[in-house]
Amino acid sequence: MADEHVAELVQALQGSGPSAADWIGSVASALTFLIAAAALFIAKRQLGEASTAREQSKALEREKSQPYVVAYLEENGVGSHIHDLVVKNFGQTAGRNIQVSFEPALNRTNGAEGVEPVVLPEAISFLAPSQEWRTVFDVATTRAGRADMPMIYRGFVTYEGLEGERRNSDVVIDLHPHKARIYTEVLGVHHVAKALRDIRDTHKKWNEDIHGGLKVFSRDGHAKDGAKARKLREYQEERAAESKPPQRGHQDSADTTSEAQADPTE
């Protein structure tokens, strides 16, 4: 009797439980939810990365659009031994309120033993892209022999960029590489202009005055050259006649003939 009741109870429990189809449906729903959650997470992450990439690209474009003002030494057009201090804007937009400072303060030679400061402006109000400001820094050949002057200067260039953003760049001027350098003279446009100026100054001195006029010498070259050639032939003939020894028996007749040919008008 007890066995029958247990069998009926087990049968009742088995009849009220979920079927295999129900289990399969539940598992499929759970997997679908997990997949959707993973896809949502990945999409959110990709959106975040895209937003970061856009921000970085925007920042990069802004940085590329900023002015970039630096200071450096450059050879002067007059000669490679003369160095200029150049402040130049290499950026794509204008730099404003540019200030340059060095430690120690810049100085240059003044003669063999003198020293004078390199005067810098308190501020350069505006430098367009590729625009520059420059001044003579020093003559390298004179500076090389001065042990009492600094060889390294360190400084900063500060300026305003887009929307008034304050920016700066470091500057190091090291003169050691120039100390042992050998300089050669290269003639350029400056020397051509100087020569033309000298010609102009000389030409201005020409006038109708006796001391300022242009002196012109003329000569009859053909006639003078012909006379000079005849004198040379006569001299050579005389020298040849003097060096020729006289012949006996024919001296009188030769003298008579020479006298006859000397001057037929006598």
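Take residue 218 and decide whether it is in a helix (DSSP H, G or I), at pLDDT below 80 and over 30 Å from residue 78 (Cβ atoms).
Details: in a helix (DSSP H, G or I): no; at pLDDT below 80: yes; over 30 Å from residue 78 (Cβ atoms): yes.
No, not satisfied.
Among (1) touching a strand residue (DSSP E or B) at 6+ places or on another chain (Cβ under 7 Å); (2) in contact (Cβ under 8 Å) with a residue 40 or more places away in the chain, which single condition is residue 183 missing?
It fails just one condition, (1).
Can you tell me which residue is surrounded by the most Cβ atoms within 10 Å (Cβ to Cβ) among those in segment 122-172 that are among the aliphatic types (A, V, I, L, M) and over 21 Å from the mean Cα position of the chain (by Cα)?
Pass one, segment 122-172, residues among the aliphatic types (A, V, I, L, M): 123-124, 127-128, 136, 139-140, 144, 147, 149, 151-152, 157, 162, 171-172.
Checking the rest, the ones that are also over 21 Å from the mean Cα position of the chain (by Cα) come to 123-124, 144, 147, 149, 151-152, 162.
Values: 123: 13, 124: 21, 144: 17, 147: 6, 149: 14, 151: 13, 152: 10, 162: 14.
Result: 124.
Find the residue count for segment 45-96, including only residues that are of a type in the set (S, T, N, Q) and either surrounded by 12 or more Cβ atoms within 10 Å (Cβ to Cβ) or within 27 Å of the chain's Cα centre (by Cα) (or both). Explain how you work it out, then say what you get.
Taking segment 45-96 first, the residues of a type in the set (S, T, N, Q) are 46, 51-52, 56-57, 65-66, 76, 80, 89, 92-93.
When the remaining residues are screened for being either surrounded by 12 or more Cβ atoms within 10 Å (Cβ to Cβ) or within 27 Å of the chain's Cα centre (by Cα) (or both), the result is 65-66, 76, 80, 89, 92-93.
Number satisfying all stated conditions: 7.
Give me the pairs: first residue in segment 124-135 and more than 7 Å from residue 89 (Cα to Cα) and touching a residue at least 60 places away in the same chain (Cβ under 8 Å), second residue surrounded by 12 or more Cβ atoms within 10 Å (Cβ to Cβ) and among the hydrophobic types (A, V, I, L, M, F, W, C), beta-carbon distance under 9 Å, and six or more apart or on different chains, which are they?
Taking only residues 6 or more apart or on different chains, the pairs are 134/85; 134/86; 134/87.
Residue-by-condition table, conditions (1) over 29 Å from residue 123 (Cβ atoms); (2) out of contact with any Pro (no Cβ under 8 Å at 6 or more places or on another chain); (3) at pLDDT below 90:
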| position | (1), (2), (3) |
| --- | --- |
| 59 | no, yes, yes |
| 69 | no, yes, no |
| 72 | no, yes, no |
| 88 | no, yes, no |
| 93 | no, no, no |
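Does segment 79-91 contain at least one residue that is of a type in the set (D, E, K, R), closer than 23 Å to residue 180 by Cα and out of contact with any Lys or Arg (no Cβ under 7 Å at 6 or more places or on another chain)? Show your work before the answer.
Taking segment 79-91 and keeping what is of a type in the set (D, E, K, R), we get 84, 88.
Now narrow it down to the ones that are closer than 23 Å to residue 180 by Cα: 84.
Pick out the ones that are also out of contact with any Lys or Arg (no Cβ under 7 Å at 6 or more places or on another chain) and you get none.
No, segment 79-91 contains no residue that is of a type in the set (D, E, K, R), closer than 23 Å to residue 180 by Cα and out of contact with any Lys or Arg (no Cβ under 7 Å at 6 or more places or on another chain).
Among the residues of segment 174-188, is there at least one that is under 25 Å from residue 120 (Cα atoms) and exposed (fewer than 11 other Cβ atoms within 10 Å of the Cβ)? Talk me through it step by step, then tell me what you get.
Kept after step one, since they are under 25 Å from residue 120 (Cα atoms), are these residues of segment 174-188: 174-179.
Right, trim to exposed (fewer than 11 other Cβ atoms within 10 Å of the Cβ) and you get 176-177.
The answer is yes, given that some residue of segment 174-188 is under 25 Å from residue 120 (Cα atoms) and exposed (fewer than 11 other Cβ atoms within 10 Å of the Cβ).
The values are calculated or read from the model by the stated rules, or taken from the named source; none is laboratory data. In this text the structure is predicted, and so the values were computed from the model without any measurement. Every residue, glycine among them, receives a Cβ derived from its backbone with ideal geometry; neighbour counts consider all protein chains shown.
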